[in-house]
Amino acid sequence: MENLAVVAHAADDLRIEDVGTVAPAADEAVIAIAYGGICGSDLHYWRHGAAGASVLREPMILGHEVSGVVAVAAADGSGPAAGTPVIVHPLTPHGDGVTPWPEDRPNLAPASTYLGSAMHLPHTQGAFAQRVAMPTRMLHAVPDGLDLRTAALAEPAAVAWHAVRRAGDVEGRSVVVIGAGPIGQLVASVARRDGASTVTVTDLEQAPRSIAEARGLSALDARDDVAIAALHADVVIESSGTVAGLAAAISAAVRGGTVVLLGLQRAGDVPAPLATAITRELTLHGSFRFGAEFDDVIAALADGSLDVAGIISQVRPAAEAVEAFALAADPASSCKVLLDFDLEA
């Protein structure tokens, strides 16, 4: 049986190819993938052959934001039964035997693997394929009432959830989100769910600002330095991963406020207005992936308390992945783009 997958070979070399029959280990279930969300890291592997320090050195199946159905249950009896709709948690935490890390924060384990990541060799193959074998510990059952299309947002929503938690309790506080791409939109949704008094997003592009406004959020042009500096926000979450966004986040924060650095900045030294951060006594928090929040996020998606309406902008057949990646790379034309792996085929 054909098993089509989205495979990155090098920069600008993305192929749809048959990766063959799945051979699961005893503790792995075979998952028929329904939907996969295209992430910024997937786009970097496609466009640049690398995502930060993770450089492609062999062909790699992309994808870590996926939902699907258990096609074959694990042979050892662990995990969900065949026919169970599931969401995949892409992290496997590992220590390196040298570097200390807080064991209650698995996202900080120094030698972890993540689906669709070229950090290690051999690479950790991703889940953009019609059928994949996944350890049952990665599988989370989809609650009744949560469709598989929306369920594919669980992983990026967990990234957003974690970032808001890094800021502390946001109830009754003003929140600004720098960058209104998919993650920024999800951050805004989490902040609003958690009772923020106001939520404002900024972006260079009109399209994401319009999406935010349609979702009931305030939106500012990221080039409007005066308006951003006048926000005096209690909490600012930087989700653009740009140098300009970092400066804007510090500018937008009230004296004594909190800035969460979520967008991954470029490697090496990055200029930032730290004198302002010091004299305003800002609290700066890093935020990386997520920890134990995954089940909470899934529950919030299922009960509707986490409103993600309007964030999925397009769904394209996985066979058209190259075109879908180009669409996802254009913030003027898309927000979150999903691949449809044609589960019924």
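Coordinate-derived values only; no laboratory data. Note that the structure is a prediction, hence the values are computed from the model and not measured. All Cβ positions, glycine included, derive from the backbone under ideal geometry; neighbour counts span all protein chains shown.
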- Message: Would the stretch 220-345 count as rounded, prolate or oblate if I go by the C-alpha gyration tensor, calling it rounded below 1.5 in a/c and otherwise prolate when a/b exceeds b/c, oblate otherwise?
- Response: prolate
- Query: Out of the stretch 1-78, which trypsin sites (Lys or Arg not before Pro) are coil in DSSP terms and have no more than 14 other C-beta atoms within 10 Å?
  - Reply: 57
- If contacts are Cα pairs under 8 angstrom and at least 6 residues apart, what is the relative contact order of the chain in percent? 18 percent
- Message: Using Cβ contacts closer than 10 Å as the measure, can you line up 266, 209 from fewest to most?
- Response: 266, 209
- Query: If we count other beta carbons within 10 Å of each Cβ, what is the order of 39, 335, fewest first?
  - Reply: 335, 39
- Message: Once you order the gyration tensor axes a ≥ b ≥ c over the Cα atoms, which shape class does the stretch 160-286 get: rounded for a/c under 1.5, otherwise prolate or oblate by comparing a/b with b/c?
- Response: rounded
- Sum of side-chain charges, residue 64 neighbourhood, beta-carbon under 13 Å (Lys, Arg +1; Asp, Glu -1): -2
- Note on the structure: Lys and Arg at +1, Asp and Glu at -1: neighbours of residue 42 with Cβ under 13 Å from its Cβ sum to 0
- Sequence of 341, 325 once ranked by neighbouring C-beta atoms within 10 Å, starting from the fewest: 325, 341
- Message: Tell me the label only: which of (i) 150; (ii) 163; (iii) 135 is volume of the Cα convex hull per residue in Å³ as calculated from this structure?
- Response: (iii)
- Looking at 128, 343, 241, which one has the Cα that reaches farthest to the positive end of the dipole of the chain (charges on Cβ: Lys, Arg +1; Asp, Glu -1)? 241
- In whole angstrom, the spacing between the Cα centers of the stretch 94-125 and the stretch 238-314 equals 22 Å
- Lys and Arg at +1, Asp and Glu at -1: neighbours of residue 159 with Cβ under 10 Å from its Cβ sum to -2
- Message: What does the C-alpha gyration tensor say about the overall shape of the stretch 29-177? Classify as rounded when a/c is under 1.5, otherwise prolate if a/b is larger than b/c, or oblate.
- Response: rounded
- Item | Computed helical MRE - 222 nm, the chain, DSSP H runs ≥ 4 contributing -39500 (n - 2.57), nearest 500 | -7000 deg cm²/dmol
